[in-house]
Structures are given as C-alpha cells and as structure tokens.
C-alpha cells in the first residue's frame with residue numbers, strides 16, 4: 001500500500017476491505033470477520049491492541065500484553081515489538097506513523113473532529129515524548145473519503161478557516177480535503193515531504209473495495225480495520 005513503509009523490513013501495514021466484511025464488534029458476525037482477517041494475516045489475537053474510538057484527539061501509549069487489549073482513544077502508539085495496533089475506519093482516515101531511530105509506531109483514526117481537535121499533532125507530540133525525531137518520522141494516510149465527496153456546511157468550514165486552501169467550492173457546495181489538512185499539520189510539526197505519503201484512494205469512489213458511511217448510509221456503521229506492527233528482529 002505504501003512505498004515509504006514497504007522499504008522498512010521490520011514494519012507491516014494492514015487494511016481490511018469490503019470483501020473481509022464489516023469489523024464493528026457490536027454487530028452479529030463481525031467478531032468472526034475480525035478473527036478471519038487476523039488468521040489470514042497470521043496475527044495472534046493475544047498480541048493485538050484495538051482502539052475504542054470516541055472521535056477524540058486522544059493518543060494512547062500502550063505496551064505489550066499476554067492478552068488482547070481494548071484501549072479507549074483514537075490513536076495508539078508503542079515502542080514494543082510484535083504488538084499489532086488497530087483502529088477502525090469508515091470514510092475517516094487511517095494515519096500510520098513510524099520513527100525508525102527510536103522504533104516508535106502509531107496508528108490514528110482521523111475523522112474531521114479528531115483532525116480539528118488535534119489528533120495528528122498529539123500523535124507527533126507523543127512520538128517526540130518518546131525521544132523520537134519528527135524529521136525522521138514517516139507518516140502515511142491510507143484509504144479514506146476524498147475531497148471529491150466530503151461535502152461540508154458553512155459551520156464546519158469555519159472550523160477549518162485556517163486551512164481555507166483545503167476547501168473548494170463547486171456549484172455553491174463546499175468540499176473539504178482532510179488529507180491536505182493532515183499534510184499541512186504534519187509539515188508544520190516538522191515531518192519532511194520525502195517522509196510523507198498519501199494513498200490516493202477515496203472510500204466513497206470505490207464501492208467494490210471499501211465500505212463508505214456517506215455513500216451507503218447503513219443503519220449501523222461498517223468499519224474496516226487499519227493496523228501497524230513492528231516485528232522483533234530475527
């Protein structure tokens with residue numbers, strides 16, 4: 001999926017698609033969907049840490065455990081090896097982080113609210129608190145809703161007035177480019193352009209591959225899993 005992470009032999013990125021089924025635990029059969037996806041990718045359940053989302057700006061540092069973990073927050077960070085960090089997304093953006101010198105990984109669920117509240121800045125600050133260098137940090141945005149379909153009202157446009165270059169007007173309708181906002185925030189924090197990558201895939205535009213809450217408007221959200229791991233050197 002990413003070029004910048006693919007070059008790192010100790011890092012792996014995971015992203016489920018529509019064919020794997022919805023991953024919301026509160027719905028019948030979704031637990032089995034998760035287990036099948038983890039088994040297919042040879043991921044031990046007891047080495048997984050899942051974020052319990054609240055559309056916040058909370059980035060939680062976690063450590064290894066002998067059993068599966070469920071942590072409240074919208075981003076997870078660790079220096080542990082063989083610990084699989086997961087968030088769920090459905091149009092919201094999965095954002096992956098890796099600082100190779102201090103061996104720090106993180107993954108964030110970034111919707112408009114979390115981005116507005118500072119989830120990206122908080123993840124990068126958490127990396128710095130772990131003695132990471134932002135000039136060395138890799139940041140990648142996975143599949144999520146693009147500006148082509150993220151229509152907003154004037155009240156939300158006002159919240160992002162500092163990023164008016166990321167808002168376009170088409171036929172008297174406003175569209176926000178969340179990926180561009182993340183890019184600006186990352187660069188302002190000190191991430192280098194060579195270490196930033198956006199997978200230009202809009203979940204709304206690809207019904208054959210991805211669930212999309214805005215497109216499908218399901219009774220219950222149908223999220224996908226997004227995860228990262230750093231393997232222990234062999």
Inset, instruction - Compute the Cα gyration tensor for the stretch 134-234, then decide on rounded, prolate or oblate, letting a ≥ b ≥ c be the square roots of its eigenvalues: rounded whenever a/c is under 1.5, prolate when a/b is larger than b/c in the other cases, and oblate in all that remain. - result: oblate
Inset, instruction - Label the stretch 1-112 by shape, choosing from rounded, prolate and oblate, from the square roots a ≥ b ≥ c of the eigenvalues of the Cα gyration tensor; if a/c is under 1.5 it is rounded, and otherwise prolate applies when a/b is larger than b/c, oblate when it is not. - result: rounded
Inset, instruction - Order these peptides, 217-230, 64-77, 25-38, by their mean beta-carbon neighbour count within 10 angstrom, highest first. - result: 217-230, 64-77, 25-38
Inset, instruction - Treating the Cα atoms of the chain as identical point scatterers in vacuum, please give the log10 of the normalised Debye intensity I(q)/I(0) at q = 0.08 Å⁻¹, two decimals. - result: -0.27
Legend entry - DSSP bridge orientation in the stretch 3-230 - percent antiparallel, rounded to nearest 5: 70 percent
Inset, instruction - Work out how much length residue 154 to residue 54 would gain on full extension: take 0.36 nm times their residue separation and subtract the Cα-Cα distance, in nm to one decimal. - result: 33.6 nm
Legend entry - Proxy reagent accessibility, fewest Cβ within 10 Å first, across 130, 49, 148: 148, 130, 49
Inset, instruction - Among 91, 216, rank each residue by its count of other Cβ atoms within 10 Å, from fewest to most, as a rough exposure measure. - result: 216, 91
Legend entry - More than 15 angstrom apart: percent of Cα pairs within the stretch 70-133: 48 percent
Legend entry - Estimated inter-spin distance, residue 133 and residue 234, nm [label 7 Å along Cα→Cβ]: 3.0 nm
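No value in this document is a laboratory result; all are computed from the given coordinates. Predicted, not measured: the structure shown is a model, and the values here were computed from it. Please note: Cβ atoms are built from the backbone with ideal geometry, for glycine as well, and neighbour counts cover all protein chains shown.
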